[in-house]
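Structure first, then comments.
The values are calculated or read from the model by the stated rules, or taken from the named source; none is laboratory data. Everything numeric here is computed off the predicted structure, so don't read it as measured data. Cβ placement follows ideal geometry from the backbone for every residue including glycine, while neighbour counts extend to all protein chains displayed. Remember, those area values only see protein heavy atoms, side chains included, never the ligands or the DNA or RNA. Shrake-Rupley method; radii C 1.70, N 1.55, O 1.52, S 1.80 Å.
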Amino acid sequence: MKLKTKLVIAFILVMIFPTFVTMAGMHMLAPNKAGEIQQMYLIIVCVTTAVLVWWIYKTVSVPLAKLQEATRNIKEGNLDFEIKPENDDEIGQVCQDFEEMRLRLKANAEEKIEFDRENKELISNISHDLKTPITAIKGYVEGIMDGVADTPEKMDRYIKTIYNKANEMDRLINELTLYSKIDTNRIPYDFTTISAKQYFRDCAEDLAIELESKGAKFEYRNYLEEDAKIIVDPEQMRRVINNIVSNSLKYTDKPQAEIRMKILDVGDFIQVELSDNGKGIATKDLPYIFERFYRADASRNSSKGGSGIGLAIVKKIVEEHGGKIWATSEEGVGTTMYFVVRKYQEVPIE
Ligand SMILES: Nc1ncnc2c1ncn2[C@@H]1O[C@H](COP(=O)(O)OP(=O)(O)OP(=O)(O)O)[C@@H](O)[C@H]1O
Ligand SMILES: [Mg+2]
């Protein structure tokens with residue numbers, strides 16, 4: 001019941017109820033008992049008012065005390081409580097809104113804790129990944145300084161290793177810079193509307209050449225209509241495909257890597273499927289592969305040299321294209337990455 005209704009009822013009761021009872025009393029008792037009637041009237045007014053005051057006090061003061069307690073809790077940083085609205089009046093609505101505000105504050109606080117945790121992890125991962133090549137470089141340079149590389153062949157090997165390690169650091173720093181730019185939306189996307197069939201055909205042609213040179217098998221199927229169009233940043237979309245394919249090449253355990261690319265029209269989206277015959281990803285790792293720094297191979301000293309940023313970049317770019325990405329995989333059989341990008345729909349002019 002609304003507070004206004006309650007107050008109106010209270011007013012009517014205070015006015016009418018005692019008058020009605022008194023009138024009835026006057027009717028029943030003799031009119032010469034005016035003094036007693038007056039007394040009775042006063043008692044009835046007092047009782048009715050007391051009941052109503054208690055009723056309104058209960059509906060206003062009790063929830064107000066709860067809100068006061070809740071405000072104190074929030075002020076002290078405690079968000080683990082619950083306010084249950086007891087009535088459906090305005091005060092009940094305030095309690096409901098307060099509860100929603102508490103839930104939102106709690107979600108924000110948890111998000112901040114998670115963000116801080118991720119940042120700490122990020123810094124520790126970066127330090128770790130940079131420390132490994134730098135330790136190696138230091139070791140080899142000390143070797144040269146101490147005269148350990150005493151033959152031209154040894155010297156050549158040392159210098160090549162130093163060069164490779166420096167390249168590894170350079171690649172990692174570039175990847176991190178790109179990731180941080182993408183993460184903070186500092187990459188200016190250059191979106192254009194282009195023919196989907198043509199675009200993916202061009203990508204596939206480049207891939208075919210590259211994969212052939214690396215001894216991998218490549219199969220390509222494009223089921224699109226000629227007029228299907230997509231809005232993409234061609235360069236960034238290439239980055240997505242290249243990143244996925246480079247994983248397929250990197251995480252293979254077969255003598256010959258086999259990669260298949262399939263492009264489908266799925267209504268409002270164009271779906272790209274990239275499958276490989278690699279070592280696959282364990283079911284427990286699959287939900288996390290798109291997280292930054294996640295590597296299914298828990299050891300961070302993998303000879304493969306990945307830092308776990310590739311798929312996080314891929315995911316971000318696909319999402320910036322209004323799409324989404326997911327994967328299926330079977331250990332020992334292979335992995336398929338699926339992503340969709342929104343199709344360009346021409347709006348008919350009326
Ligand atoms: N095609 C694949 N086959 C098997 N495992 C894969 C495949 N693609 C990704 N993974 C697993 O998912 C993890 C995350 O991949 P991601 O590309 O993000 O990182 P990375 O390849 O380790 O490093 P980076 O790409 O930054 O050099 C990889 O470490 C690997 O364990
Ligand atoms: Mg990768």
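Got a sec? Which of Glu175, Glu168 is charged (D, E, K, R), in a helix (DSSP H, G or I) and either open to solvent by less than 60 Å² (accessible area, probe 1.4 Å) or under 19 Å from Phe290 (Cα atoms) (or both)?
Glu175
Among the residues of the range 68-80, which ones are on the phi < 0 side of the Ramachandran plot and either loosely packed, with under 15 Cβ neighbours inside 10 Å or of a type in the set (Val, Ile, Thr) (or both)?
Gln68, Glu69, Thr71, Arg72, Ile74, Lys75, Glu76, Asn78, Asp80
Restricting to the range 81-95, name every residue that is open to solvent by less than 70 Å² (accessible area, probe 1.4 Å) and farther than 15 Å from Ser61 by Cα.
Phe81
What number of residues within the range 200-217 satisfy the criterion of being within 34 Å of the chain's Cα centre (by Cα) and within 16 Å of ligand 1 (Cβ to nearest atom)?
So the count comes out to 1.
Residues of the range 248-277 being near ligand 1 (Cβ under 10 Å from one of its atoms), of a type outside the set (A, V, I, L, M, F, W, C) and at pLDDT 95 or above, which ones?
Selection gives Ser248, Ser275, Asp276, Asn277.
Please go through the range 243-260 and give me each residue that is under 23 Å from Ile313 (Cβ atoms) and either without any contact (Cβ under 8 Å) to a residue 12 or more places away in the chain or more than 15 Å from ligand 2 (Cβ to nearest atom) (or both), ordered by number.
The one that is under 23 Å from Ile313 (Cβ atoms) and either without any contact (Cβ under 8 Å) to a residue 12 or more places away in the chain or more than 15 Å from ligand 2 (Cβ to nearest atom) (or both): Arg260.
Yes/no per residue for (1) basic (Lys, Arg); (2) within 13 Å of ligand 1 (Cβ to nearest atom); (3) at pLDDT 95 or above:
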{"site": "Gly305", "(1), (2), (3)": "no, yes, no"}
{"site": "Glu320", "(1), (2), (3)": "no, no, no"}
{"site": "Thr328", "(1), (2), (3)": "no, yes, yes"}
{"site": "Lys343", "(1), (2), (3)": "yes, no, no"}
{"site": "Glu346", "(1), (2), (3)": "no, no, no"}
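Hey, does the range 141-161 have a residue that's assigned to a helix (DSSP H, G or I) and under 36 Å from the mean Cα position of the chain (by Cα)?
no
Among the numbered criteria (1) over 24 Å from Leu178 (Cα atoms); (2) within 16 Å of ligand 1 (Cβ to nearest atom), which single criterion is violated by Val240?
For Val240, the failing item is (1).
For the range 255-274, which positions are open to solvent by less than 20 Å² (accessible area, probe 1.4 Å) and farther than 15 Å from Met237 by Cβ?
Step one: filter the range 255-274 for residues open to solvent by less than 20 Å² (accessible area, probe 1.4 Å), giving 257, 259, 261, 263, 270, 272, 274.
Across the range 255-274, the qualifying residues are Ala257, Ile259.
Could you pull out the residue among Ile144, Ile230, Ile159, Ile137 that is buried (at least 17 other Cβ atoms within 10 Å of the Cβ), farther than 30 Å from Lys343 by Cα and away from ligand 1 (no atom under 16 Å from the Cβ)? Explain how you work it out, then say what you get.
On the way: Ile144 fails: buried (at least 17 other Cβ atoms within 10 Å of the Cβ); Ile230 fails: farther than 30 Å from Lys343 by Cα; Ile159 fails: buried (at least 17 other Cβ atoms within 10 Å of the Cβ).
Result of the check over Ile144, Ile230, Ile159, Ile137: Ile137.
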